[in-house]
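Nothing in this text is a laboratory measurement; each read-out follows from the coordinates by a stated rule. Values in this document were obtained by computation on a predicted structure and should not be read as measured data. Because the Cβ atoms are built from the backbone with ideal geometry, glycine has one as well, and the counts that use them run over all protein chains shown.
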Amino acid sequence: MEEFQVLRDKAMQKIKVADHMLFMTYPLVKDPRLLLSIIENIYASLDYGIAALLHYERLFKRIPPFNDSFPSRLEVFKSKMVPKHSLSPNYIKLVADVKAILSEHKKSPIEFARKDKFIICSPSYSVKQIDISLVKKYIFETKLFVNNINRIVSKNEGIFARSQG
C-alpha cells in the first residue's frame, strides 16, 4: 500500500471513531469532557486527510518535496491543493478552528464541564465553550472533507493495485 492510501484510511478511521463517540458513546455517558476527545479525533482525521492528499500529489511529482510537519503541510494544502482541486476554503477555516480549540486546551489553566458544555478558560480568562452542536458541525464538515480527499486520491487507485500483484 502506498503512503497516501495508509493516510487516507487513517483519516477515514479517525472520523468514524469521532462519529461513533458523538452519536453512540456521548449519549450514554453524557460527559462534556468527551467532546474534547471527539475534537482530537476530528483534528487527526483532518491532518491525515491533508497528508494523504499531499503524499498523493508528491508521488505523481505534482508538488515539490515538503517538510512533513503540520504547519508546512497546511501551508502547501492552502496554497496549492485548495485551488488545484477546487476545494472549499472553509476546510482551511475548519482546520484552523479545530487546531485553535486544541491549542487553547493545552494552554488552559482551568477547564470544566457545565451542563452540556465543556468550558476552556485561557490564561487571560477568556472563555471557549464546546457543545454538542459545534462538534456535530465539525464532524459533518470533516466527513465532507474526507470524502473529497478520498475521491481525489482514489482516481488512479488501479495503478497501485496492479503493481503489487
- Residue-wise HN-Hα coupling along the stretch 109-126, computed from phi with Karplus coefficients 6.51, -1.76, 1.60 (Hz; x: Gly, Pro): x, 9, 8, 7, 9, 9, 6, 9, 10, 10, 9, 10, 9, 7, x, 8, 6, 7
- Message: Computed from the coordinates I sent, Rg and Dmax of the Cα atoms in Å equals one of (1) 16.6, 52; (2) 30.5, 88; (3) 17.3, 59. Tell me the label.
- Response: (3)
- Task: Among Leu22, Ile38, Ile92, flag the residue with its Cα farthest along the positive direction of the charge dipole of the chain, charges on Cβ as +1 for Lys/Arg and -1 for Asp/Glu.
- Result: Ile92
- Task: Going by C-beta contacts inside 10 Å, put Ile139, Ile50 in order with the fewest on the left.
- Result: Ile139, Ile50
- Quick one: what are the phi-derived ³J(HN,Hα) couplings along the stretch 92-99, Karplus 6.51/-1.76/1.60 with θ = phi - 60°, whole Hz, x for glycine and proline? 5, 5, 4, 4, 4, 5, 5, 4
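Please arrange Ile152, Ile39 by counting, for each residue, the other beta carbons lying within 10 Å of its beta carbon, fewest first. Don't skip to the answer; put the middle values down first.
On the way: Ile152 20, Ile39 23.
If I rank by nearby Cβ atoms, fewest first, I get Ile152, Ile39.
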- Item | Ranking of Val6, Val98 by count of other Cβ atoms within 10 Å, fewest first | Val6, Val98
- Message: Below 18 Å, Cα to Cα, which aspartates and glutamates can Lys84 reach? Residues fewer than 8 away in the same chain don't count.
- Response: Glu57, Glu75
- Message: Exceeding 25 Å between C-alpha atoms, which entries from my cross-link table qualify? They are Lys80/Lys106; Lys93/Lys128; Lys80/Lys107; Lys10/Lys107; Lys93/Lys136.
- Response: Lys80/Lys106; Lys80/Lys107; Lys10/Lys107
- Query: For the stretch 128-143, in order, what is each residue's ³J(HN,Hα) by Karplus, 6.51 cos²θ - 1.76 cosθ + 1.60 with θ = phi - 60°, in whole Hz (x at glycine and Pro)?
  - Reply: 10, 9, 10, 10, 5, 5, 5, 5, 4, 4, 4, 5, 4, 5, 5, 4
- Rounded to the nearest 500, what is the 222 nm mean residue ellipticity of the chain from helices alone, with -39500 (n - 2.57) per DSSP H run of 4+ residues and division by all residues? -20500 deg cm²/dmol
- Size of charge dipole - the chain - debye, nearest 20, with Cβ of Lys, Arg +1 and Asp, Glu -1, no other charges: 280
